[in-house]
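Just so it is clear, none of the values below were taken in a lab; they were calculated from the coordinates. Keep in mind that this is a model prediction, so the values were computed, not measured. Every residue, glycine as well, gets a Cβ built from its backbone with ideal geometry; the counts of neighbours run over all protein chains shown.
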Amino acid sequence: MRWLSDRTVAHLRRVAEWPDLGDTKYRVLEELGSGGMGTVYLAEDRVLGRRVALKVVGPGAASPEIAARTLREARIIARLEHPGIVPVHDAGTLPDGRMFYAMKRVDGRRLDELAPRVSLPERLRLFQRVCETVAFAHAHGVLHRDLKPENVMVGSFGEVLVLDWGVAKLLELPEAGAPRDRGPTTPAATAAGTVMGTLAYMAPEQAEGLADRVGVVSDVYALGAILYFLLTLRPPFEGEAALARARGASAAPPLMVNERAPSTPRPLAAIAARAMAADPASRYASAEELATEVARHLDGEPVSAYRENAREKAARFFARYRTAILLIATYLVMRSLILIFLGR
Amino acid sequence: MAPDTGIGGPGGERFPATRHSAVLAAQSEDLVERERGFAILVETYWKPVYKYLRARFGKSNEDAKDLTQGFFTRALEKDFFAAYDPGKGSFRTYLRVCLDRFVANEKKAAGRAKRSPGTALLPLDFESAEGELMRQEPPDHQTLEQYFHAEWVRSLFALAVEKLREECALRGKDLPYLLFERYELDRDPDEKLTYERLAGEFGIPSTQVTNFLAFARREFRRIVLEKLREITASDHEFREEARSLLGVSQ
């Protein structure tokens, strides 16, 4: 009989944790990854003959509360039919008692892995797509609450998908015609004092566990933090700074984008700063507004978050109309030369 | 939704109950049944017992061998296991407490003959257990209970791996076992072994690697749960042990 090292024993524990799919139509093929709420497996749907991603609540986390949350997550995703959200095919309870849901399998790269390999304009275009997806979710009454680059997948065909809706919150949408509420909304499943999400990207009101103050603009803050990452390639808060936020010991803002990445265009740094304003009322009112602001910058237009001086205005004007300006300048120079030549 | 989402699920009916509990068998009036149960318990527990005596009581290998033999033979002669009450805790804990008492009694009776003349020795491979101890990290930061539990898990998994190998061989499925061995048991932690590379090593398509590994993992899990069912006395104890065994890494 062979000897098993501590590492092998620990690994075999994970192997033995594989879900018992019993008489379901799925067959587990391999583990894709695991997180606090459960493990995602590559599985085969034997009826339709296709491969799916199967999220299963881990046995250690198998409490009625977490099972209920997993089912809620599946239902939330199922109601969000959008190209930026992975569709859910099925959900239920496995024969061994664990909750699961099956979703489309996505091949691609996480945004945090991809970002250093692509240009800034490309990163900004990806960011716009994330904002559009989050705006769609908000419009359907869903807050994500754990937005971060690790939860964004860029597929092999360029599709941008927002993943992990495990701590999402359902909002009560305002009546049609009623004024749009920027801030807190009726909590659906989170008690005050509970911190859910990832501290490095989390809005202050969320990090402090003020669940009743978490709203659309809390997701806007997280989007601003993602933009911050895309500009600097580092999270806004790291190590001790993130822990200090968790303890409530620090409400300090992150280092300015330009301090970390001096070559970043100032309007973009200002957009990130406004999205991440400590005061929720000072942020963009919606993910859509944030996306529009980034689009304006990409189109060479002024952004509301940044007041340009005359030189910057001129530079932006030149950059935006470079071709036309060069053509006119060339025409004027040529015309002058011809007139000089003919005048001789 | 069922309120109980723990291992085993509602009623635990999906878990293997193909073999009788060895713990209950060891308490049987029927001698044959009792010996069958006893043999299974010895198979599972002798290494954890030996290592526990060596690592935690600092016994020499000769003393640990004698005490291990003595403990199990005494357990059989005196029906130690008949007094186990599943309502009061796991059999694993009960056995460890019995062992502690046995060692304490042996200490008091030091100098006495260690085994009664004529007592049959159990065929235990102490050399292998000693070799394992040499390869393992010293258990510095574990309590007695944690150490014994860790060795029990190691023994259980080692038996399950052996059973998987035997079953695969019997069913002509050597390749799935070899893939399992290469990928799950022998892989270096720093080695980036992909299914494609494994397919190249074994000369099969990578889809077959996926399927064979999935098969071997499913079988391994089934065997572990079967074994667990075998060495627990009640459904409750089985579910608790399964929860503890399969839930720790989360």
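A Förster radius of 35 Å, combined with the Cβ-Cβ distance separating B:Glu77 from A:Arg7, puts the computed FRET efficiency at roughly 0.35. Counting, for every residue in A:14-25, the Cβ atoms of other protein chains within 10 Å of its Cβ and taking the mean gives 5.
Compute the angle between helix A:310-320 and the longest alpha-carbon principal axis of chain A, please, reported from 0 to 90 degrees and rounded to the nearest 10. That works out to roughly 80 degrees. Note on chain A: GNM, Cα springs under 10 Å; of A:Leu21, A:Leu80, A:Leu126, the largest mean-square fluctuation is that of A:Leu21.
Here the spin labels are modelled as points 7 Å beyond Cα on the Cα-Cβ line, and at B:Glu167 and A:Arg109 they lie 4.2 nm apart. Max-minus-min Cα coordinates of region A:1-46 on each principal axis give 36, 28, 13 Å, with the largest extent listed first. Seen through its C-alpha gyration tensor, with square-root eigenvalues sorted a ≥ b ≥ c, the protein assembly as shown comes out prolate because a/c lies at 1.5 or above while a/b is bigger than b/c.
Model label sites at A:Ala310 and B:Thr143, defined 7 Å from Cα along the beta-carbon direction, differ in position by 7.7 nm.
Residue by residue along B:155-162, Cβ atoms of other protein chains within 10 Å of the local Cβ number 4 on average. Kindly list the residues of region A:261-302 that lie in the label zone of A:Phe317, defined by a backbone N under 15 Å from the point 7 Å along the Cα-to-C-beta vector. Answer for this model: A:301-302. Between A:Leu42 and A:Leu337, residue separation times 0.36 nm minus the direct Cα-Cα distance comes to 99.2 nm. Helical content of the protein assembly as shown, expressed as a calculated mean residue ellipticity at 222 nm, amounts to -16000 deg cm²/dmol (DSSP H runs of 4 or more residues, -39,500 (n - 2.57) each, divided by residue number, nearest 500). Helix A:216-232 and the longest principal axis of the Cα set of chain A meet at an angle near 70°. Compared with the dominant Cα axis of chain A, that is its longest principal axis, helix A:120-139 is turned about 60°. Placing R0 at 51 angstrom, the Cβ-Cβ distance between B:Arg243 and A:Arg296 gives a FRET efficiency of 0.40 after rounding to 0.05. Taking every residue in B:124-132 and counting other chain Cβ atoms within 10 Å of its Cβ, the average works out to 1. Pick from A:Arg266, A:Arg13, A:Arg50: which residue has the top mean-square fluctuation in a GNM of chain A where Cα pairs under 10 Å get a spring? Residue with maximal mean-square fluctuation among A:Arg266, A:Arg13, A:Arg50: A:Arg13.
Under the simplified labelling scheme, the B:Lys88-B:Glu62 pair shows an inter-label distance of 3.7 nm, with each label point 7 Å from Cα along Cα→Cβ.
If we count other beta carbons within 10 Å of each Cβ, what is the order of A:Met153, A:Met99, A:Met1, fewest first?
A:Met1, A:Met153, A:Met99
If you take the alpha carbon atoms of chain A and fit the smallest convex hull around them, that volume is 222 Å³ per residue.
Put in order of Cβ neighbour count within 10 Å, fewest first, the listed residues A:Asp212, A:Asp279 become A:Asp279, A:Asp212. With R₀ fixed at 45 Å, the C-beta to C-beta distance from B:Asp190 to A:Leu327 puts the FRET efficiency at about 0.15.
Checking the cross-link pairs A:Lys25/B:Lys47; B:Lys65/B:Lys227; A:Lys148/A:Lys313; B:Lys107/B:Lys163; A:Lys55/B:Lys88; B:Lys51/B:Lys108 against a 31 Å limit on the alpha carbon distance flags A:Lys25/B:Lys47; A:Lys148/A:Lys313; B:Lys107/B:Lys163; A:Lys55/B:Lys88 as lying beyond it.
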